[in-house]
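The values are calculated or read from the model by the stated rules, or taken from the named source; none is laboratory data. Source: prediction; values computed, not measured. Glycine also receives a Cβ, built like all others from the backbone with ideal geometry; neighbour counts cover every protein chain displayed.
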Amino acid sequence: MTTLTYTGAADIEVHSYLAANDERALADDVLDGLTRPFKELPPKHFYDARGAQLFDEICDLPEYYPTRTERAILRERADEIVELTGAAEIVELGSGTAAKTRILLDAMQNAGTLRRYVPLDVTESMILETAAALVEEYPGLLVHGIVGDFERHLQHLPEPLGPRLIVFLGGTIGNFTPGSRRRFLRGLAKAMGPADHLLLGTDLVKDPAVLEAAYDDSRGVTAEFNRNVLHVVNRELRADFDVDAFDHVAFFDREREWIEMRLRATSRQHVRIEALGIDVVFEPREELRTEISAKFTRERLAGDLAAAGLELEHVFTDENDLFALSLSQPAG
Ligand SMILES: C[S@@+](CC[C@H](N)C(=O)[O-])C[C@H]1O[C@@H](n2cnc3c(N)ncnc32)[C@H](O)[C@@H]1O
């Protein structure tokens with residue numbers, strides 16, 4: 001189903017491909033994920049309005065180095081990226097509040113190439129607010145927002161207005177397991193024209209203590225963000241999770257080189273999920289996996305991009321090799 005949201009502004013179009021709160025997709029994921037022997041939910045369900053706000057708070061935490069590091073790399077390289085790509089528009093996947101994207105939009109505006117911004121995110125309120133703010137900040141900018149799922153709705157990207165820079169920041173690519181990551185990148189490569197580029201933010205493998213602190217901050221904001229998914233299930237699917245009966249767990253899996261976030265039941269929990277007509281039991285200390293966040297080496301990055309039919313052209317990192325932004329193009 002598609003809905004066109006009238007925003008009252010001539011330079012903004014927002015198309016929604018999610019039914020109200022997409023509770024169908026949530027219902028399917030909850031039914032599938034909570035009836036498995038090892039319980040799991042995909043991370044996209046963290047992001048209702050409260051989850052998006054908590055993620056913003058995480059980005060400002062001293063332990064959460066990815067946001068400020070990626071921002072610093074963008075500041076240093078934005079002009080070069082715009083020159084290399086000649087981009088007239090940015091398509092941003094998982095756009096959130098587009099805070100860092102403004103660095104690229106500024107560089108495009110200065111270069112005189114900026115025409116349109118196409119944000120795609122599951123959180124409608126964020127798309128609407130960001131669109132309204134950006135047309136104020138960049139007079140003449142067109143915004144074509146897509147409320148949708150980047151795993152399912154890439155076919156709804158509008159026809160390009162010129163060379164396109166697809167931007168996927170924040171290390172969100174790390175939330176895919178390796179197989180689905182390559183499948184996703186292949187789909188993305190197919191949606192790209194020969195003049196388009198992909199700017200991909202990836203968090204790098206590093207000291208596990210630094211990684212684990214980034215996902216288990218001393219103020220407990222990440223813990224609250226993690227538990228928020230239970231609030232979402234309670235509200236959307238009429239469930240009765242006792243949210244405080246779950247502990248936040250975050251650890252670096254050294255073999256797979258990814259961070260896992262889980263919620264661990266502190267005692268036996270019996271949960272009724274009314275909208276699905278099911279009951280779910282958690283044994284004491286049983287865990288629910290809520291996110292993986294894969295960390296990259298250059299080899300892993302190059303291998304994934306090559307397998308997707310993308311050619312890695314540049315890797316930009318910070319002086320401590322904490323985070324990487326890579327620029328690639330469809331091969332051949
Ligand atoms: C880790 S945050 C990154 C936000 C921002 N790009 C940044 O770099 O700070 C992930 C963002 O992706 C969105 N998101 C997560 N899964 C998604 C999906 N399957 N489809 C579309 N958006 C998704 C979330 O709503 C959130 O805004």
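Mind listing whichever residues of region 117-161 are of a type in the set (S, T, N, Q) and either crowded, with 20+ Cβ neighbours inside 10 Å or within 13 Å of the ligand (Cβ to nearest atom) (or both)?
The answer is T123, S125, T130.
Checking N175 against (1) under 19 Å from I73 (Cβ atoms); (2) within 13 Å of the ligand (Cβ to nearest atom); (3) surrounded by fewer than 21 Cβ atoms within 10 Å (Cβ to Cβ), which single condition isn't satisfied?
Result: N175 fails condition (1) only.
Which residue out of L211, L230, L199, L169 is closer than 28 Å to F252 by Cα, in contact with a Leu (Cβ under 6 Å, 6 or more places away or on another chain) and of a type in the set (A, V, I, L, M)?
Matching residue, one of L211, L230, L199, L169: L199.
Which one of T85, T113, T130, T123 is under 24 Å from L204 (Cβ atoms), touching a residue at least 24 places away in the same chain (Cβ under 8 Å) and not aromatic (F, W, Y)?
It is T85.
Might you check whether a residue that is basic (K, R), under 30 Å from E212 (Cβ atoms) and near the ligand (Cβ under 9 Å from one of its atoms) occurs anywhere in region 46-66?
No, region 46-66 has no match at all.
When you check T130 against the structure, is it closer than 20 Å to A9 by Cβ and under 14 Å from the mean Cα position of the chain (by Cα), yes or no?
No.
Given the criteria out of contact with any Pro (no Cβ under 9 Å at 6 or more places or on another chain), among the basic types (K, R) and within 27 Å of R116 (Cα to Cα), does R152 qualify?
Values: out of contact with any Pro (no Cβ under 9 Å at 6 or more places or on another chain): yes; among the basic types (K, R): yes; within 27 Å of R116 (Cα to Cα): yes.
Taking the combined requirement at face value, the residue satisfies it.
Tally up the residues in region 267-309 that are in a strand (DSSP E or B) and in contact with a Lys or Arg (Cβ under 9 Å, 6 or more places away or on another chain), please.
Selection size over region 267-309: 14.
Inside region 104-116, can you point out the residues that are within 16 Å of the ligand (Cβ to nearest atom) and either surrounded by fewer than 24 Cβ atoms within 10 Å (Cβ to Cβ) or among the basic types (K, R) (or both)?
Listed by number, the list holds a single entry, L105.
Can you name the residue in region 133-146 that is closer than 16 Å to V167 by Cα and among the aliphatic types (A, V, I, L, M) and is also farthest from the chain's Cα centre (by Cα) among such residues?
Out of the qualifying residues, it is V143.
Select, from D279, D304, D242, the only residue that is out of contact with any Ser or Thr (no Cβ under 8 Å at 6 or more places or on another chain) and more than 26 Å from L31 (Cα to Cα).
From the options D279, D304, D242, the qualifying one is D304.
Name the single residue that is modelled with the lowest pLDDT among those in region 22-45 being within 13 Å of the ligand (Cβ to nearest atom) and over 16 Å from the mean Cα position of the chain (by Cα).
Among residues in region 22-45 that are within 13 Å of the ligand (Cβ to nearest atom) and over 16 Å from the mean Cα position of the chain (by Cα), the one modelled with the lowest pLDDT is D22.
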